[in-house]
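The structure appears right after this line, and notes come after that.
The values are calculated or read from the model by the stated rules, or taken from the named source; none is laboratory data. Here the structure is a predicted model, which means the values were calculated and not measured. Neighbour counts are summed over all protein chains in view; Cβ atoms, including those assigned to glycine, are modelled from backbone coordinates with ideal geometry. Surface areas here come from the heavy atoms of the whole protein model, side chains and all, with no ligands, DNA or RNA. Shrake-Rupley method; radii C 1.70, N 1.55, O 1.52, S 1.80 Å.
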Amino acid sequence: MKKSKILLFAASALLVASCGKSGGGRPSFGDNEYPVVTVGTSSAAMQTTYPATIKGVQDVQISPKVGGFITRIFVKEGQTVSAGQVLFEIDNATYQATVRQAQAAVNTAQASVNTAKLTFENTQQLHQNKVVGDYELQTAQNSYESAKAALAQAQASLANAKEMLSFCYVKSPSAGVVGTLPLKVGALVSAASVLTTVSNNSSMEVYFSMNEKDALEMSKSGNGLNTLPDVKLQLADGTIYGHDGKVAKMSGVIDQATGTVQMIAVFPNPERLLKSGGSGAIVIPHDNSSAIVIPQSCVMEVQNKKFVYVLGKDNKVKYTEITVDPQNDGNNYIVTGGLQVGDKYVTNGITKLSDQMEIVPITPERYQQKIQEQAKAMSAGDIVNAMKK
């Protein structure tokens with residue numbers, strides 16, 4: 001019997017508590033009393049999120065400068081490489097033969113220069129001894145100059161052949177991490193082929209777009225990017241990245257198609273957790289020291305519009321539309337329009353109200369007190385009848 005009384009009291013307490021919540025009605029006091037609160041201001045931590053794309057500070061597509069078959073691959077996917085490190089080798093037999101041919105041409109040209117030099121020097125001696133005339137001397141000099149020019153041309157061809165041979169060894173232009181390797185040894189490639197991507201991910205650039213209104217407000221502040229606090233990065237799994245970032249760049253042109261301005265935030269990446277090509281969301285915090293914050297429980301939502309009952313001077317309530325910040329904590333709204341400091345609104349029992357209905361305003365403390373008084377006064381029969389309804 002004692003256990004039944006305990007269960008009965010618990011049921012009554014739950015019933016009364018559920019009746020005290022907004023959306024579920026209010027206790028039947030019989031005196032038209034409703035709790036009313038005066039609008040004030042308080043500090044609120046707000047935040048704005050923007051979809052974002054993650055990229056390395058330097059993402060370089062690696063392509064060969066010469067065509068041919070891939071003969072060797074020196075790296076693996078995800079491997080960290082340094083600037084100048086060899087990544088691929090292209091079949092270079094033809095280019096090696098060209099280098100040997102160019103070297104032979106240089107040797108031949110050098111021999112011709114040596115011969116022309118001896119001839120010129122000997123002709124100079126003969127000319128000094130009046131053995132040959134000016135014509136023979138000039139002819140020997142011209143031959144010598146032609147031989148030197150031919151040598152220079154042969155040397156240039158050799159340098160070009162060596163450079164073409166060096167192109168067979170594809171090197172990384174910067175330090176970073178190797179991306180995917182879509183081609184294997186034996187694949188035929190050309191200068192248009194993309195062998196891989198090297199991404200410098202020591203720090204990452206996160207691209208996001210800010211709407212024109214927000215960008216304009218930021219520009220009006222006078223300090224531009226300096227006014228923005230450190231930003232956070234929400235990863236694809238919903239967690240917040242462990243390092244804060246800083247907005248470093250803003251485009252000077254508004255995209256006419258989307259009405260947005262592209263922004264770039266830079267994040268450190270010491271653990272190499274962020275990968276180039278990933279996605280997430282930039283979170284920009286805002287501190288509002290004079291925000292109007294009201295519980296979501298006292299707000300009615302109809303067709304994506306939000307309403308509260310505001311108390312007038314004649315104790316009649318007015319069904320009033322409000323606007324709220326889209327970011328919220330799930331319990332409260334930050335009101336951006338429709339309510340002013342000093343207004344009074346009903347906090348409980350709003351489903352029982354109607355526009356221009358006259359009420360007796362009481363404090364929320366008195367409201368809770370009356371709930372407790374009614375719970376104590378309820379009989380077992382009252383509880384059973386209430387549960388049947």
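Quick notes on this structure:
- Taken over the stretch 36-83, the residue count meeting the criterion of being of a type outside the set (A, V, I, L, M, F, W, C), under 30 Å from A161 (Cα atoms) and open to solvent by 70 Å² or more (accessible area, probe 1.4 Å) is 4.
- Any chance G78 is part of a loop (DSSP other than H, G, I, E, B), on the phi > 0 side of the Ramachandran plot, modelled with pLDDT of 65 or more and not charged (D, E, K, R): yes
- Criterion: open to solvent by 80 Å² or more (accessible area, probe 1.4 Å), more than 30 Å from V75 (Cα to Cα) and within 59 Å of the chain's Cα centre (by Cα) - qualifying residue of Q128, Q138, Q153: Q153
- Within the set S199, S172, the sole residue that is within 30 Å of T258 (Cβ to Cβ), open to solvent by less than 20 Å² (accessible area, probe 1.4 Å), of a type in the set (G, A, S) and out of contact with any His (no Cβ under 9 Å at 6 or more places or on another chain) turns out to be S199.
- Selection within the stretch 108-125: residues that are in contact (Cβ under 8 Å) with a residue 24 or more places away in the chain and of a type in the set (S, T, Y). The member of this set that is surrounded by the most Cβ atoms within 10 Å (Cβ to Cβ) is S112.
- Residue, least open to solvent (accessible area, probe 1.4 Å), within the stretch 315-341, restricted to residues that are within 26 Å of K370 (Cα to Cα) and modelled with pLDDT under 90: N332
- Among the residues examined, A105 qualifies as open to solvent by less than 70 Å² (accessible area, probe 1.4 Å), assigned to a helix (DSSP H, G or I), under 30 Å from V170 (Cα atoms) and of a type in the set (A, V, I, L, M).
- Residue count, the stretch 297-311 (criterion: surrounded by 14 or more Cβ atoms within 10 Å (Cβ to Cβ) and either more than 15 Å from I334 (Cα to Cα) or basic (K, R) (or both)): 4
- In the stretch 281-296, the residue that is modelled with the lowest pLDDT out of those that are over 15 Å from T336 (Cβ atoms) and open to solvent by less than 20 Å² (accessible area, probe 1.4 Å) is I284.
- Some residue of the stretch 161-171 being over 29 Å from T71 (Cβ atoms) and touching a residue at least 40 places away in the same chain (Cβ under 8 Å): no
- Residue match in the stretch 309-324 (condition: within 30 Å of M204 (Cβ to Cβ) and within 30 Å of the chain's Cα centre (by Cα)): no
Okay, residues lined up against (1) under 30 Å from T48 (Cβ atoms); (2) among the small types (G, A, S):
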position: N304; (1), (2): yes, no
position: N315; (1), (2): no, no
position: E321; (1), (2): yes, no
position: V324; (1), (2): yes, no
position: Q327; (1), (2): yes, no
position: G338; (1), (2): yes, yes
position: V346; (1), (2): no, no
position: P361; (1), (2): no, no
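- Hits in the stretch 81-91 - residues which are among the small types (G, A, S) and at negative phi: S82, A83
- Candidate set from the stretch 217-240 (those that are of a type outside the set (D, E) and over 20 Å from A52 (Cα atoms)); member that is modelled with the lowest pLDDT: G222
- Scan of the stretch 340-351 for residues that are under 19 Å from Y34 (Cα atoms) and in a loop (DSSP other than H, G, I, E, B), ordered by number: G342, D343, T347, N348, G349
- Residue-level analysis places L216 outside the set of residues that are in contact with a strand residue (DSSP E or B) (Cβ under 8 Å, 6 or more places away or on another chain) and either among the hydrophobic types (A, V, I, L, M, F, W, C) or loosely packed, with under 14 Cβ neighbours inside 10 Å (or both).
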